[in-house]
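See below for the structure under consideration.
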Amino acid sequence: MTYVVTELCVDCKYTDCAAVCPVEAFHELSDRLYINADTCIDCDACVPECPVEAIFADSNVPEQWAHWTQINIDEAPNYPVISQKIPALHGPACTGPEE
Amino acid sequence: MAEQNKKMKVLLVYPEFPNTYWSFKHALPFAGKRSAYPPLGLLTLSSMLPAAWEKRLVDMNVRKLRDSDLEWADMVFASAMIVQQDSLREVIDRCKARNVRIAVGGPFVSTGMEHVADADFLFPGEAETTVPEFIRDLEMGVPQHVYQTDAKPDLTKSPIPDFSLVQMSRYSSMAIQYSRGCPFNCEFCDIIEIYGRVPRTKTNEQMLAELDALYRTGWRGPLFIVDDNFIGNKKNVRLLMPSLCEWMEQHDQPFRLFTEASINLADDDELLGMMKRANFRRVFLGIETPVEESLKETQKGQNTKRNLIESVHKIQSYGMEVMAGFIVGFDSDPADIFQRQIDFIRESAIPMAMVGLLSALPDTQLWRRLEKEGRLLSEGAGTNTEASLNFVPVMDRQTLIDGYKTIMRTIYSPEEYYERVRASLKNTFSSGYSPAKAFKKEYILGFFRVLFKLGMFDSSRKEFWRFLRRVYSERRDLIGDAVVLAVMGYHFRKITEQYCEQ
């Protein structure tokens, strides 16, 4: 089991989740984050931190984003780890709050 | 002098706890017990010392430390939490007076080493890493004063605790450990400072070997898995649970398990189901407060964005009584916080609610913030009561203390407490642990003690009998649990009376 970042993160890229992750399981792309399934310990710490509620346990991913589980598994290791909070991207497609 | 090949005589000493909510000192005599749990850290340490060394254990919560004990020993090893510091001081002084060398470890040393600097050897942090080095230095005749490391030991190398040192009949429960550390980041917590935020676990094989070892001692009954957060590493816990369930079933459920966990346990039906199957009967949750702003202030994100009462009820529905910690004194606490805590505790049906005043423990994020803000007053006593309110609160100090006492007096009044127990028992699905099995022979005497003390001589005897009658008609399968909780309620009421008179 692992946790999964879904489409809601795209263009928002808040990083509160990465800052609380105890095992540095988040990886950073230009417009989103992914979770590394091998590193994640299923602790839940990231879930309540996300302002747009983009993170789900893989057993609980809404159907329309079900394929994001595999995207996270495949893609996360290809990008650098992020473990600090940085300013959110908050691009035009982001519906979340300003920081 | 080099001590190579010398057969050392080592006395392991566990200092006494003061009489607090956590001591259960008013409850234990009903069961003919002296202490709730054995000192697991010292038992683990014992297994790490050379097999040729002679070891004895004196748990001062079970019996007095005699001068003859100290005269027997070449060296004393003591381990203590902050709350045991007064008793630890006495132990160090007695060792010094008799020229017996003393080594001190445990959480108190980890965050307050300067208070015990006169001990011969100090072990801040987790001693698994440093004890082998100490033994080597000792054998070579060059032991150091302080053995400190920031390294967090790999628990998969941790030995099976030496249960042979324990006089088991003196304890109401045994203890084992699966993990250390907690992934969350609560501002007031010293666990994450000492043990870190990356939960380390033992292997399945280790856990089963420890259960086997305990089973062979003949112990049956309560078993506390003493983890900081049992589900901190859910990935590993999920791997453990099937083996644990199988072991418990193969051995005819010899232990009633209880542990500590974060409230997100409520989100995982699969895990809850396995815990029920493995006979987990109680879980301690850090709920702290129903006030969302206070939770955010204290960085307890895991408790936000959820209906806390529904989460508690969900866990109860899996056969686990919920016990929980609550705190008042956060900067964001509103004026009506005391009534809100009372209402929450009532509605969630948590019989054993450990309510405390916020305390800034040394080396925590809260400590550092308050120090920066110039609000720290002292180090605190670790008791979570008035004596430990060691900072200038935002709320008027006396209002806070009076409000705290109002909570305690209300929730541990007999009517209020018994109502919560009944509600909790109704919510708790029985997991098939029969009353006959729970009520072993040794408990029969305890049962009569309860009937005499609570049913005949206590000022609340009327409420006690009404409670028993109601439970008998509503959930007679859980009457054993009800009697145990009645005794716990008596303990909490006595401690509350003691605090409120201060």
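The values are calculated or read from the model by the stated rules, or taken from the named source; none is laboratory data. Here the structure is a predicted model, which means the values were calculated and not measured. No Cβ is skipped: glycine too gets one built from the backbone with ideal geometry, and neighbour counts run over all protein chains shown.
Structure notes:
- Under the condition of being over 20 Å from B:Pro362 (Cα atoms) and exposed (fewer than 13 other Cβ atoms within 10 Å of the Cβ), the residues counted in the range B:133-150 number 5.
- B:Glu193 being farther than 21 Å from A:Ala37 by Cα, among the charged types (D, E, K, R) and touching a strand residue (DSSP E or B) at 6+ places or on another chain (Cβ under 8 Å): no
- Given (1) in a strand (DSSP E or B); (2) under 27 Å from B:Ile225 (Cβ atoms); (3) among the aliphatic types (A, V, I, L, M), index of the condition B:Val109 fails: (1)
- Against the test of being closer than 27 Å to B:Leu240 by Cα, away from chain B (no Cβ under 14 Å) and not β-branched (Val, Ile, Thr), the options A:Asn72, A:Asn60, A:Asn78 yield a single qualifying residue, A:Asn72.
- Any hit, the range A:18-32, residues being within 25 Å of B:Leu271 (Cβ to Cβ), modelled with pLDDT under 95 and surrounded by fewer than 20 Cβ atoms within 10 Å (Cβ to Cβ): no
- Scan the range A:33-44 for residues that are over 21 Å from B:Ile192 (Cβ atoms), within 13 Å of chain B (Cβ to nearest Cβ) and not β-branched (Val, Ile, Thr) and the total you get is 3.
- Evaluated against (1) within 30 Å of B:Asp150 (Cβ to Cβ); (2) crowded, with 16+ Cβ neighbours inside 10 Å; (3) not aliphatic (A, V, I, L, M), B:Asp86 falls short on exactly one condition, (2).
- Within the range B:275-301, considering residues that are basic (Lys, Arg) and either touching a Cys at 6+ places or on another chain (Cβ under 7 Å) or within 14 Å of chain A (Cβ to nearest Cβ) (or both), the one surrounded by the most Cβ atoms within 10 Å (Cβ to Cβ): B:Lys300
- Which listed residue, of A:Val47, A:Val20, A:Val52, is farther than 28 Å from B:Gly181 by Cα, hydrophobic (A, V, I, L, M, F, W, C) and within 14 Å of another protein chain (Cβ to nearest Cβ): A:Val52
- Residues located in the range B:90-107, provided they are buried (at least 21 other Cβ atoms within 10 Å of the Cβ) and under 22 Å from B:Ser47 (Cα atoms): B:Ile102, B:Ala103, B:Val104, B:Gly105, B:Gly106, B:Pro107
- Just one of the numbered conditions (1) under 26 Å from B:Arg200 (Cβ atoms); (2) modelled with pLDDT of 95 or more; (3) surrounded by fewer than 24 Cβ atoms within 10 Å (Cβ to Cβ) is not true of A:Val10: (1).
- Selection status of A:Pro97, in contact with a Pro (Cβ under 6 Å, 6 or more places away or on another chain) and surrounded by fewer than 22 Cβ atoms within 10 Å (Cβ to Cβ): yes
- Among (1) in a helix (DSSP H, G or I); (2) surrounded by fewer than 24 Cβ atoms within 10 Å (Cβ to Cβ); (3) of a type outside the set (Ser, Thr, Tyr) - the single one B:Gln341 does not satisfy: (2)
- Taken as a whole, the structure leaves B:Glu347 outside the set of residues that are on the phi < 0 side of the Ramachandran plot and without any contact (Cβ under 8 Å) to a residue 24 or more places away in the chain.
- When we screen B:Asp59, B:Asp120 for residues that are among the charged types (D, E, K, R), surrounded by 15 or more Cβ atoms within 10 Å (Cβ to Cβ) and in contact with a Cys (Cβ under 9 Å, 6 or more places away or on another chain), the only hit is B:Asp120.
- The condition of being hydroxyl-bearing (Ser, Thr, Tyr) and within 11 Å of another protein chain (Cβ to nearest Cβ) does not hold for A:Ser30.
- Residue in the range A:5-14 that is farthest from B:Pro183 (Cα to Cα), counting only those that are in contact with an Asp or Glu (Cβ under 8 Å, 6 or more places away or on another chain) and away from every other protein chain (no Cβ under 14 Å): A:Asp11
- Enumeration of residues in the range B:302-322 that are surrounded by fewer than 23 Cβ atoms within 10 Å (Cβ to Cβ) and within 14 Å of chain A (Cβ to nearest Cβ): B:Thr304, B:Lys305, B:Arg306, B:Asn307, B:Leu308, B:Ser311
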